[in-house]
Amino acid sequence: MANKKTSNFNPDEVAIIFGTHTITGFADGTFIEVEQTNDSFTLTKGADGEAARVRSNDDSGTVKVSLLQSADSNMVLSLLHQVDKKSGKGTLPILFKDASGDTVGAGPVAWIKKPAGIGYSKGIETRVWVFDVAHLEMLTGGNAAI
């Protein structure tokens with residue numbers, strides 16, 4: 001019989017910090033998405049099948065955070081975005097970490113791309129904040145076995 005493990009994940013142990021603000025009030029479902037802007041390598045094939053690859057030096061990325069419309073972080077992020085639009089001084093570091101696992105990432109220069117869209121219904125809606133990150137470093141890990 002194969003030795004099977006059981007992993008442990010706790011959404012409450014996932015944190016994202018923009019500047020000095022720890023973002024809170026995550027929506028249900030996927031609440032943080034992080035991805036590199038471009039592929040790390042591009043493949044080129046010659047007519048005779050020979051292959052070559054080019055490494056991209058673009059290490060930018062995007063972070064999307066989904067919050068409940070009732071989350072206090074919406075106002076903080078709105079104010080930070082307004083300051084950036086008026087002064088151009090809204091670039092801050094961003095950090096995310098899954099404390100119940102090994103996944104971690106950061107960027108020393110990030111900014112809010114645009115304000116979250118607004119929608120209303122008879123329930124609590126989601127506000128999605130999108131951050132551009134000039135130099136994104138990330139390590140996609142797993143979660144500890146119990």
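The values are calculated or read from the model by the stated rules, or taken from the named source; none is laboratory data. This is a predicted model, so every value here is computed, not measured. Ideal geometry is used to build each Cβ from the backbone, glycine not excepted, and the neighbour counts take in all protein chains shown. Ligands, DNA and RNA are excluded from the accessible area calculation, which covers all protein heavy atoms including side chains. Shrake-Rupley method; radii C 1.70, N 1.55, O 1.52, S 1.80 Å.
Please go through segment 98-134 and pick out each residue that is among the charged types (D, E, K, R) and either surrounded by fewer than 18 Cβ atoms within 10 Å (Cβ to Cβ) or in contact with a His (Cβ under 9 Å, 6 or more places away or on another chain) (or both). Talk me through it step by step, then tell me what you get.
Applying the first criterion (among the charged types (D, E, K, R)) to segment 98-134 yields 98, 102, 113-114, 122, 125, 127, 132.
Result: Asp102, Lys113, Lys114, Lys122, Glu125.
Residue under question is Asn8, and the condition is that it be over 14 Å from the mean Cα position of the chain (by Cα), open to solvent by less than 60 Å² (accessible area, probe 1.4 Å) and not aliphatic (A, V, I, L, M); does it hold?
Answer is no for this residue.
Answer with yes or no whether Thr44 is surrounded by fewer than 16 Cβ atoms within 10 Å (Cβ to Cβ) and either more than 18 Å from Leu139 (Cβ to Cβ) or modelled with pLDDT of 95 or more (or both). Reasoning before the result, please.
On the way: surrounded by fewer than 16 Cβ atoms within 10 Å (Cβ to Cβ): yes; either more than 18 Å from Leu139 (Cβ to Cβ) or modelled with pLDDT of 95 or more (or both): yes.
Judged against the criteria, Thr44 is a match.
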